[in-house]
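One structure is given here, and the rest of the page talks about it.
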Amino acid sequence: MPVITPETIRDLASFKSEGFPVTSCYLDVDGRRLPRHQDVEHELDVLLRDVREQAGTSPSVHDDLQRIEAFVRGGLDRSRTRGLAIFSCSAQSLWEVIQLPVPVRSRVVVNNVPAVGQLESVVQEYDRFGVLLADRQRARMFVFELGELIDRSELLDELPRDYDVRGERERGEVTQHTDALAQQHLRRAADVAFRVFQEQGFEHLSLGGPDATIGELEGLLHPYLRDRLCARIPVAPGASVDEIRRAAMVVETQQEREAEAAIVNRLRDAVGSGTRGVAGLDAVLAALAEHRVEVLLVSDGYQAPGWSCGACGVLAAVGRRCKVCDHEMDELPDVVEDAVEHAMAQSCKVEVCIDNADLDVLGRIGALLRF
Ligand SMILES: [Zn+2]
């Protein structure tokens, strides 16, 4: 399965449709929710029915929908695919199918740009994630991406087992010796983690194992790894890979929610003090038009109608005259998706926030500004 990267998304976001509409289709094909292929077809039918009613007469969109339908009906290997993201603009020969190992919200958007917001959100949601499990003689290192295992290393340093049959004085010496061996083992575990980090790279690292061991291990990690530490993972070092994977996804989700909360707090402070922060669709689109946005924050699923200027490209919440060039603007069914695309084209960071009530209160969209 090809791994999607921020570059894949930026390439899509920079696609120029030359005025033709682009169809973006997100389809949940999760076998746990939709066990039979006909369940998937039904999911798609319902989605496409709505779009066909709204799509009007664009032959390009008609072709897009036919092609998407034929693709899905043609059958899918769903053993590792839980979500599809399909982008099509038949008039401009755009056809891109991205298979995701995680579920998506089923949705079809016809717009003048590919609707990459949900894809961006998925990639953020599942950064590369390292897990290091250790006890006094065993260490296991895993790297997950998009909820899939992509790398594992195992290390076993056996400790002497016969010290309990010796005399007390001798036992003391052996215990010291065993502690030294255990510490050496943890150093090696920290080295393995750093080597894997250099080879694979990961955004976050979660440690798991007995508290005392993990406390000691934390102190032995390379500073780069210490910077990436997040909440501990509640699994035993001997857990199955699937248990570890599921627990890692829980820790990762929690980590992502915390990161979102932190950046929304920054936004709230910036907006409150009137320094380098704006909130609400109108203000955000104005800041985007002036290329002042550093980070765009959007509540997951937020959509709003708006306007786009065919002459200078500027977006606005209120039409129909462009405030920049006075040209007449075109109405858009969803200007938020365009705002995400504009932000990405300007190399802004885009943060899609899930269930963040503070951002909802601020108008579901906001921006930290460069100046
Ligand atoms: Zn204009």
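Structure notes:
- Counted residues, the stretch 270-310 - those being open to solvent by less than 20 Å² (accessible area, probe 1.4 Å) and either within 14 Å of the ligand (Cβ to nearest atom) or not in a strand (DSSP E or B) (or both): 10
- Residues of the stretch 311-340 that are open to solvent by less than 10 Å² (accessible area, probe 1.4 Å), under 30 Å from the mean Cα position of the chain (by Cα) and more than 25 Å from residue 301 (Cβ to Cβ): none at all.
- Selection count, the stretch 248-267, where residues are modelled with pLDDT of 95 or more and out of contact with any helix residue (DSSP H, G or I) (no Cβ under 6 Å at 6 or more places or on another chain): 6
- Residues in the stretch 341-371 that are open to solvent by 10 Å² or more (accessible area, probe 1.4 Å), of a type in the set (Val, Ile, Thr) and at pLDDT 90 or above: 361 alone.
- Filtered residues of the stretch 17-63 (kept if of a type in the set (Asp, Glu) and more than 18 Å from residue 104 (Cβ to Cβ)): 18, 53, 63
- Residue check for residue 179: open to solvent by less than 90 Å² (accessible area, probe 1.4 Å), at pLDDT below 90 and not hydrophobic (A, V, I, L, M, F, W, C): yes
- Taking first residues from the stretch 320-339 that are touching a residue at least 24 places away in the same chain (Cβ under 8 Å) and on the phi > 0 side of the Ramachandran plot and partners that are open to solvent by 100 Å² or more (accessible area, probe 1.4 Å) and not in a loop (DSSP other than H, G, I, E, B), no Cβ contact under 7 Å between residues at least 6 apart in sequence or on separate chains turns up.
- Set 326, 330, 358: member being outside any loop (DSSP other than H, G, I, E, B), among the acidic types (Asp, Glu) and within 16 Å of the ligand (Cβ to nearest atom): 330
- Across the stretch 311-321, the qualifying residues are those that are of a type outside the set (Gly, Ala, Ser) and within 18 Å of residue 292 (Cβ to Cβ), and the one among them that is nearest to the ligand (Cβ to nearest atom) is 312.
- Pick from the stretch 113-136, criterion part of a loop (DSSP other than H, G, I, E, B) and under 21 Å from residue 231 (Cα atoms), ranking: most open to solvent (accessible area, probe 1.4 Å): 136
The values are calculated or read from the model by the stated rules, or taken from the named source; none is laboratory data. In this text the structure is predicted, and so the values were computed from the model without any measurement. Ideal geometry is used to build each Cβ from the backbone, glycine not excepted, and the neighbour counts take in all protein chains shown. Calculation scope for accessible area: heavy atoms of the full protein, side chains included, ligands and nucleic acids excluded. Shrake-Rupley method; radii C 1.70, N 1.55, O 1.52, S 1.80 Å.
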